[in-house]
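A short write-up of the structure that comes next.
The values are calculated or read from the model by the stated rules, or taken from the named source; none is laboratory data. Just so you know, these numbers come straight off a predicted model, no measurement behind them. Ideal geometry is used to build each Cβ from the backbone, glycine not excepted, and the neighbour counts take in all protein chains shown.
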Amino acid sequence: MEEKLELIKDEMSEKIINVAEKIVTMSGTTVTVRKILKELGITNRVFYNRFHNIDEVLKIVYTNTIERVRQSLEKDYDGKSDFFEYITDVVVEILIASYDIKKKFNQYIFEADSLSQDNYAWYMDRIKLLFTEASKNGLIKDVDPEVMGYAIWCFCRGFNADAVNRMSKEDAIKNFRYSFGILLEGIKIKNC
């Protein structure tokens, strides 16, 4: 049986994480062990005594970045302003911050993404077709099929990406049916 090597957590670990973050945020290029080694003037051994692989470092960098975004958005509802405006503002701020982070980590986040451009196009065509048919049959309000198709794509993809790690398949299906039903209620013509 192979003995499990305990990794070192020290000041050098933090330097490695900081350099990885610098590479991502400053240059937007792919972070590799080689780039970190070159930047810090360290050996493979120094790196691998602290981390199993580059993904482990990138997960820490991403988690730290998300935490900073969360902290910047921690403002309580004052009870006086319009609640729905408040919620909308918070969601928009999160969307903007998330977009910026994802753009910086684009290579890392989507590198192994099984949802290819072809897959996206296939689903978008079908979603738009469904909206066009529903509109033709007087089932939904007049909506832009392209915009609504993209919104539904994002809702479904985001829900799936999170739910797979957070809940059982049964709970995910139940929660998805519930929330997606509410989304669809908003575009239904009331007498349908």
Would you please list the contacts, defined by Cβ atoms under 9 Å and residues six or more apart or on different chains, that run from a residue in region 168-192 that is within 16 Å of R157 (Cα to Cα) to a residue that is of a type in the set (K, R) and part of a helix (DSSP H, G or I)?
-> A172/R166
Within region 56-66, restricting to residues that are in contact (Cβ under 8 Å) with a residue 12 or more places away in the chain and surrounded by fewer than 16 Cβ atoms within 10 Å (Cβ to Cβ), the one that is nearest to M12 (Cα to Cα) is N64
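Looking at region 153-177, which of its residues are charged (D, E, K, R) and over 24 Å from K188 (Cβ atoms)?
Quick first cut of region 153-177, residues charged (D, E, K, R) only: 157, 162, 166, 169-171, 174, 177.
Across region 153-177, the qualifying residues are D162, R166, K169, E170, D171.
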Count - residues of region 132-152 that are part of a helix (DSSP H, G or I), closer than 15 Å to G186 by Cα and not hydroxyl-bearing (S, T, Y) = 7
Answer with yes or no whether V69 is at pLDDT below 75, β-branched (V, I, T) and surrounded by 15 or more Cβ atoms within 10 Å (Cβ to Cβ).
-> yes
Across (1) assigned to a helix (DSSP H, G or I); (2) within 26 Å of the chain's Cα centre (by Cα); (3) modelled with pLDDT of 65 or more, L129 clears everything bar (2)
Could you run through region 3-46 and say how many residues are surrounded by fewer than 16 Cβ atoms within 10 Å (Cβ to Cβ) and either in a loop (DSSP other than H, G, I, E, B) or at pLDDT below 85 (or both)?
-> 17
